[in-house]
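This report refers to the structure that appears directly beneath it.
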Amino acid sequence: MSNDAIKSPSDATIAARGGWVPEFVTRPSAPPIYMTTAFDLDDLSQLDAIATGREAGYIYTRDGNPNHEAFAADVAKLEGADAGITCASGMGALTAALLAMLKTGDHIVAARVLYGRTGQLINHLCSSFGVTVSYVDITDPAAIRAACTPKTQLGLIESVSNPLVEVADIPAVVQALGSVPLMVDNTFATPSLLRPIQHGAQLVWHSASKYLNGHGDVMLGVMVGASPLMRKIRGALSLYGMNSNPMESWLGSRGLRTLPLRMTRVSETALTVATFLGTQSAVTRVYYPGLSSHPTYGLAQRLMPRGQGGMLAFDLKGGRTAVDALFRLLSETIPFSPTLADARTTLSYPAGTSHKFMTAAERAACGISDGLVRLSIGLEDASDLIKELRDALSRLAD
Ligand SMILES: *Cc1c(COP(=O)(O)O)cnc(C)c1O
């Protein structure tokens with residue numbers, strides 16, 4: 001008699017039902033990844049209880065998963081919000097919120113200077129879905145007040161702008177918006193340095209692909225705010241399928257554990273590097289809110305006293321050609337990489353990446369020149385970065 005004949009259940013059944021460790025046998029000291037499409041349920045009453053929120057639990061990963069929830073809950077706590085949702089990317093989080101909060105005929109007030117794709121998304125909402133927008137100079141409260149109409153549902157700004165790292169006067173913007181809720185992109189500052197909700201914002205979102213994760217290896221987004229609004233946004237995210245996956249949410253959670261340490265470190269290094277760049281003849285201007293020469297230095301001291309973050313920019317003499325040469329000289333040490341907030345220091349070129357969707361005239365109006373380089377400071381030693389930059393800049397002058 002062959003073994004197969006007496007084996008019950010069969011290999012196919014064992015294989016199909018495999019992979020389990022009896023519950024409570026293990027006590028992992030790090031959170032597991034719930035790589036599951038759905039969650040088994042006891043019966044129909046449990047389905048109803050979970051679906052209506054009477055009982056904690058999960059049904060289907062597009063609607064919720066422990067890894068999504070763990071990440072969003074930690075960001076909410078750090079930001080001082082009630083609740084949050086995790087999305088497939090920062091853009092996904094923004095889309096979920098706008099779809100949940102806006103309808104045809106509504107109006108929004110947005111900062112004139114925004115991450116390129118954010119502006120593009122708003123423009124798409126306007127051209128395809130009949131939403132209208134007023135872009136305003138957020139340093140001008142009278143302009144914000146004048147832009148608000150009875151149809152205005154939302155104000156949109158960034159806590160620290162890209163790429164000129166201007167800190168927004170969030171309390172002044174909140175006041176000027178009156179009863180219109182403010183949504184803040186806090187990607188550059190992170191809650192370790194600035195908490196917009198403390199200053200009156202209703203919603204805060206992040207490209208968690210950046211500092212929250214901090215290791216340049218995930219695409220992830222998060223939005224936090226008051227529970228009723230977050231339930232509505234969660235509905236849109238699940239309906240439109242903008243959920244993240246458990247693995248990337250888990251990586252985001254792991255990244256969060258070192259966020260405060262990383263933000264302190266990059267702030268210190270960025271100030272040192274910005275000060276150094278100011279001494280270089282190839283550099284005509286340095287933008288860092290921790291430098292007293294920066295237009296929002298005073299605001300940064302008030303709203304971000306613990307540190308001004310890891311993003312800085314500088315204008316290079318010689319425009320695009322000089323930028324190209326600098327990137328080649330630094331390619332082995334400080335790579336040109338169209339992202340930010342990696343553990344490594346990276347260079348970017350706003351006119352060709354984040355802001356390429358603008359016309360040259362629009363870029364000029366925002367102060368983004370053809371010689372503007374953005375530096376995202378990582379966790380390296382400041383003295384190594386300075387040596388590498390000094391060498392490259394001096395060869396540029398040759
Ligand atoms: C990257 C970025 C986004 C978009 O987030 P994704 O995760 O790339 O979708 C939004 N805002 C800012 C400031 C960013 O840097």
Highest average packing first - 44-52, 326-334, 170-178, 157-165, Cβ atoms within 10 Å
157-165, 170-178, 326-334, 44-52
Report the one residue of LEU98, ASN67, SER127 whose Cα lies farthest in the direction of the positive end of the charge dipole of segment 59-152 (charges on C-beta: Lys and Arg +1, Asp and Glu -1; origin at the Cα centre).
SER127
Skipping prolines and chain starts, which residues have an amide H placed within reach, meaning under 5 Å, of the one on ARG285, given they are 5 or more residues away or on another chain?
ASP315
With r as the distance between the Cβ atoms of THR258 and LYS387 and R0 = 30 Å, compute the FRET efficiency 1/(1 + (r/R0)^6) and round to 0.05.
0.70
Where ILE122, ILE33 fall by accessible area, highest first, once all protein chains stay in place (1.4 Å):
ILE33, ILE122
Can you say what percent of the DSSP beta bridges in segment 310-389, counting only those with both residues inside, are antiparallel? Round to 5.
90 percent
Determine, from the Cβ-Cβ distance of LYS7 and THR37 and an R0 of 45 Å, the FRET efficiency 1/(1 + (r/R0)^6), rounded to the nearest 0.05.
0.95
When every protein chain stays in place and a 1.4 Å probe is rolled, MET247, MET101, MET304 sorted by accessible area with the largest first are MET247, MET101, MET304
Quick one: if you stick a label point 7 Å off each Cα along the C-beta vector at GLU332 and ALA226, how many nm between them?
5.7 nm
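If you stretched the chain out fully between THR149 and THR359, how much longer would it get, using 0.36 nm times the residue separation minus the C-alpha to C-alpha distance?
Working: separation 210, 0.36 × 210 = 75.60 nm, distance 2.83 nm.
Full-extension gain reported as 72.8 nm.
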Calculated FRET value between ARG344 and ALA49, using beta carbons and R₀ = 41 Å, to 0.05:
0.30
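If TRP205, TRP250 are ordered by their accessible area, calculated over protein heavy atoms with a 1.4 Å probe, which sequence runs from highest to lowest? Numbers along the way, then the final one.
Details: TRP205 5, TRP250 50 Å².
So, going from the largest accessible area down, we get TRP250, TRP205.
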Which of the peptides 220-226, 261-267 is most tightly packed, and how do the rest follow, judged by the mean count of other Cβ atoms within 10 Å per residue?
220-226, 261-267
Checked segment 301-398 against the a/c 1.5 cut and the a/b vs b/c comparison, axes a ≥ b ≥ c from its Cα gyration tensor; verdict oblate
Any idea how far apart ARG27 and ARG62 come out in nm if each label point goes 7 Å out from Cα toward Cβ?
3.9 nm
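Treating the beta-carbon of each Lys and Arg as +1 and of each Asp and Glu as -1, no other charges, what is the dipole magnitude of segment 1-152 about its Cα centre, to the nearest 20 debye? Could the numbers behind the result be given before it?
Details: 11 positive and 16 negative charges, 125 e Å.
Value, rounded to 20: 600 debye.
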Find the accessible area per residue for segment 78-167; the probe is 1.4 Å, ligands and nucleic acids are left out, and the unit is Å².
38 Å²
By the C-alpha gyration tensor axes a ≥ b ≥ c (rounded if a/c is under 1.5, else prolate when a/b exceeds b/c, else oblate), the shape of the chain is oblate
Please check: in the Gaussian network model of the chain (C-alpha springs, under 10 Å), which one of GLU55, GLU388, GLU69 has the largest mean-square fluctuation.
GLU55
Take the cross-link list LYS103/LYS232; LYS77/LYS103; LYS77/LYS232; LYS77/LYS356 and give me the ones stretching past 24 Å between alpha-carbons.
LYS77/LYS103; LYS77/LYS356
Just to be sure I understand: with springs between alpha-carbon atoms less than 10 Å apart, which residue in THR13, THR275, THR36 has the highest mean-square fluctuation in the Gaussian network model of the chain?
THR13
With a 1.4 Å probe and every protein chain kept in, tell me what percent of the accessible surface of the chain is carbon plus sulfur.
54 percent
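How much net charge surrounds LYS387 when only the other residues with a Cβ under 14 Å from the Cβ of LYS387 are counted, with Lys and Arg +1 and Asp and Glu -1? Mind showing how you got there, number by number?
On the way: positive: ARG390, ARG395; negative: GLU332, GLU380, ASP381, ASP384, GLU388, ASP391.
Net charge around LYS387: -4.
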Quick check on segment 129-274: take the gyration tensor over C-alpha atoms, sort the square-rooted eigenvalues as a ≥ b ≥ c, and tell me if it's rounded (a/c under 1.5), prolate or oblate.
oblate
Using alpha carbon centroids, what distance separates segment 340-370 and segment 87-130, in Å?
20 Å
With θ set to phi - 60° and the Karplus curve 6.51 cos²θ - 1.76 cosθ + 1.60, what are the ³J(HN,Hα) couplings of segment 95-109 in order, to the nearest whole Hz, using x for Gly and Pro?
4, 4, 5, 5, 5, 6, 9, 10, 9, 3, x, 6, 10, 10, 10
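The values are calculated or read from the model by the stated rules, or taken from the named source; none is laboratory data. Predicted, not measured: the structure shown is a model, and the values here were computed from it. FYI the Cβ positions are ideal-geometry reconstructions off the backbone, even for glycines, and counts take in every protein chain you see. Ligands, DNA and RNA are excluded from the accessible area calculation, which covers all protein heavy atoms including side chains. Shrake-Rupley method; radii C 1.70, N 1.55, O 1.52, S 1.80 Å.
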